[in-house]
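The values are calculated or read from the model by the stated rules, or taken from the named source; none is laboratory data. These numbers were taken from a predicted model, which means no experiment stands behind them. Note that each Cβ is placed from the backbone with ideal geometry, even for glycine, and that neighbours are counted across all protein chains shown.
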Amino acid sequence: AQKVTQAQTEISVVEKEDVTLDCVYETRDTTYYLFWYKQPPSGELVFLIRRNSFDEQNEISGRYSWNFQKSTSSFNFTITASQVVDSAVYFCALSEGNGGSQGNLIFGKGTKLSVKP
Amino acid sequence: DAGVTQSPTHLIKTRGQQVTLRCSPKSGHDTVSWYQQALGQGPQFIFQYYEEEERQRGNFPDRFSGHQFPNYSSELNVNALLLGDSALYLCASSTKRLRGNQPQHFGDGTRLSIL
């Protein structure tokens with residue numbers, strides 16, 4: 001069965017602190033994709049990153065970085081020097097499927113991040 | 001470049017009624033997926049449409065049905081509404097023209113309240 005677990009329900013930090021959001025996934029497929037989405041209060045899910053199961057390179061984009069470890073089935077997300085605008089609910093998601101097909105997204109329950117000034 | 005647009009923004013219905021939600025995909029996208037997001041939960045996959053056919057379906061009853069039009073836009077229909085159908089309904093679009101599972105782009109959603 002496919003499953004995404006985000007154990008942290010809510011996290012509160014003070015501006016400029018670093019914060020890591022955890023994501024653990026379960027799948028039997030050897031080919032799969034992992035995603036992170038941000039959901040501000042407006043409701044729209046904003047795509048942040050996609051990673052396929054064959055690419056374990058960590059990625060950095062500005063203040064955001066992602067650590068993908070197949071050995072522990074984890075895909076953690078770190079925000080460096082957090083800002084108030086980072087406050088949102090963050091979702092980790094899993095999609096199974098091979099090239100050309102588009103699997104549905106299986107979401108975790110989300111982590112609500114509050115960044116206080 | 002217009003993103004995914006959904007209408008209406010909010011909707012209030014009573015139990016037993018029927019509702020239709022609409023979605024226009026992002027320009028260049030040909031695949032539309034629908035998700036239900038209950039309060040405090042992650043989105044749950046309802047179904048996906050491609051080439052005007054339902055291609056995948058999540059664990060939702062037949063009361064949930066959909067349609068995709070030749071211009072790739074889509075509708076979600078829910079019959080015999082239940083209180084538990086109250087949720088944010090999200091539409092997402094993507095394309096199968098590129099290899100790999102391309103990111104799905106989401107609209108702002110329709111907030112459905114059942115009284």
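What single numbered condition from (1) surrounded by fewer than 19 Cβ atoms within 10 Å (Cβ to Cβ); (2) more than 8 Å from chain A (Cβ to nearest Cβ) fails to hold for B:K96? Just one mismatch for B:K96, condition (2).
With respect to the stated conditions, B:D85 fails to be more than 13 Å from chain A (Cβ to nearest Cβ) and without any contact (Cβ under 8 Å) to a residue 12 or more places away in the chain. If you filter the range B:65-82 down to residues that are in a strand (DSSP E or B) and touching a residue at least 24 places away in the same chain (Cβ under 8 Å), you find that the one that is nearest to B:Q18 (Cα to Cα) is B:V78.
So, B:L90, is that one touching a strand residue (DSSP E or B) at 6+ places or on another chain (Cβ under 8 Å), modelled with pLDDT of 95 or more and part of a strand (DSSP E or B) or not? Yes; evaluated as a whole, the condition is true for this residue.
Of the residues contained in the range B:38-47, none is found to be within 19 Å of B:K13 (Cα to Cα), away from chain A (no Cβ under 11 Å) and part of a strand (DSSP E or B).
Going by the conditions given, is B:N59 more than 14 Å from chain A (Cβ to nearest Cβ) and out of contact with any helix residue (DSSP H, G or I) (no Cβ under 6 Å at 6 or more places or on another chain)? So B:N59 fails the test. Which residues, taken from the range A:23-47, are farther than 26 Å from B:K26 by Cβ and surrounded by fewer than 18 Cβ atoms within 10 Å (Cβ to Cβ)? Once the filter is applied, which keeps residues that are farther than 26 Å from B:K26 by Cβ and surrounded by fewer than 18 Cβ atoms within 10 Å (Cβ to Cβ), the range A:23-47 yields A:V24, A:E26, A:R28, A:D29, A:T30. Any residue at all in the range B:8-17 that's hydrophobic (A, V, I, L, M, F, W, C), away from every other protein chain (no Cβ under 12 Å) and not in a strand (DSSP E or B)? No - not one qualifying residue is present in the range B:8-17.
Starting from residues that are part of a loop (DSSP other than H, G, I, E, B) and within 14 Å of another protein chain (Cβ to nearest Cβ), keep the ones in the range A:48-72 and report whichever is surrounded by the fewest Cβ atoms within 10 Å (Cβ to Cβ). Applying the filter and picking the extreme gives A:F54. Within the range B:66-77, does at least one residue satisfy the condition of being surrounded by 14 or more Cβ atoms within 10 Å (Cβ to Cβ) and either at the interface with chain A (Cβ under 9 Å from one of its Cβ atoms) or more than 29 Å from A:L48 (Cα to Cα) (or both)? No, the range B:66-77 has no match at all.
Considering the range A:12-22, and only residues there that are surrounded by fewer than 17 Cβ atoms within 10 Å (Cβ to Cβ) and not acidic (D, E), the residue that is nearest to A:S71 (Cα to Cα) turns out to be A:T20. Considering the range A:90-112, and only residues there that are modelled with pLDDT of 95 or more and surrounded by fewer than 21 Cβ atoms within 10 Å (Cβ to Cβ), the residue that is farthest from the other protein chains (Cβ to nearest Cβ) turns out to be A:K112.
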